[in-house]
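Quick note: the coordinates plus some simple rules give every number you see, no bench work behind them. Predicted model, so just to flag it, every value in this text is computed and none were measured. For neighbour counting, all protein chains shown are included, and Cβ atoms are generated from backbone atoms with ideal geometry for every residue, glycine included.
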Amino acid sequence: MTHQLKNQTVLVTGGGSGIGRLIAVGAAERGARVILWDLSGVAVQSVRQEIVAAGHHAEAHTVDVSNRDSVAAAAAATGPVDVVINNAGIITGKNLLDATDDAIERTIRVNTLALFWVTRAFLGNMINNHRGTIVTISSAAGLVGVAKQTDYSASKFAAFGFAESLRVELLKDSAGVNSLVVCPYFISTGMFEGVRTKYPLLLPILTDGAH
């Protein structure tokens with residue numbers, strides 16, 4: 001992570017576990033004031049306590065990023081931020097015909113529509129200040145289709161397109177705000193616990209060294 005984070009306010013959605021937790025801890029270690037959002041109040045408070053115990057600053061909020069009202073309320077409580085890391089995500093992990101309508105819709109709401117609600121909540125202030133960074137965590141499944149992940153893969157393709165289109169839009173307007181997209185392979189924690197790869201050199205499994 002080469003972005004200068006010292007004294008920056010960094011918001012991490014889905015910060016209660018997995019990649020979100022790793023990002024939050026890493027940002028805090030680099031001097032950032034970390035704001036954690038997660039649907040699980042227990043998980044997000046646990047990560048906050050972990051960061052604070054290490055001598056760093058962190059705040060935690062229980063937020064459903066797929067709900068516009070929840071995002072708006074949390075954004076008002078959080079205040080302006082320097083970096084938004086759109087990390088929250090879920091997966092169904094079933095064949096298309098086996099996935100329920102509700103599960104498919106929930107995946108799209110959390111993995112795709114939430115990007116719009118969260119980013120819009122903070123982007124205006126960033127543009128006014130002519131600085132800021134929006135980071136979207138897509139996935140390798142947002143570049144290549146994956147079996148039993150039709151909803152997840154589709155949502156992550158959309159996430160990639162969201163971040164790239166936003167990047168071009170901000171560049172065209174000379175907004176002073178960056179849009180970055182990250183497409184990691186799977187991490188053996190959280191919703192991908194125990195995942196394996198046939199090609200470890202090309203598609204390595206990320207691991208959480210703390211667990």
Point to revise | Dipole magnitude of segment 1-153, debye to nearest 20 (Cβ charges: Lys/Arg +1, Asp/Glu -1, about Cα centre) | key: 420 debye
Exercise for review: Once you've got the GNM for the chain with C-alpha springs shorter than 10 Å, pick whichever of Ala88, Ala103, Ala53 has the biggest mean-square fluctuation.
Suggested key: Ala53
Study note, to complete from the structure: Between the alpha carbon centres of segment 42-66 and segment 6-33 the gap in Å comes to 9 Å
Review point. Binning every alpha carbon pair distance of segment 98-173 at 10 Å from zero, what are the percents per bin?
Key: 18, 45, 25, 10, 1
Point to revise | Cut-off under 5 Å, modelled amide H: who pairs with Tyr185 long-range | key: Ala140
Review point. From the phi of every residue in segment 169-181, what ³J(HN,Hα) in whole Hz does the Karplus formula 6.51 cos²θ - 1.76 cosθ + 1.60 yield, where θ is phi - 60° and glycine or proline is x?
Key: 4, 5, 5, 4, 8, 6, 6, x, 10, 9, 10, 10, 10
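Given only helices, namely DSSP H runs of n ≥ 4 each adding -39500 (n - 2.57), what is the per-residue ellipticity at 222 nm of the chain, to the nearest 500 deg cm²/dmol? Before the final figure, lay out each step's value.
On the way: 6 runs with 83 residues, N = 211.
That calculation yields -12500 deg cm²/dmol at 222 nm.
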Review point. Cα gyration tensor of segment 9-192, axes a ≥ b ≥ c as square roots of the eigenvalues: rounded (a/c below 1.5), prolate (a/b > b/c) or oblate?
Key: oblate
Review point. For Ala154, what charge total do you get from the other residues with a beta carbon under 15 Å from its beta carbon, if Lys and Arg give +1 and Asp and Glu give -1?
Key: +2
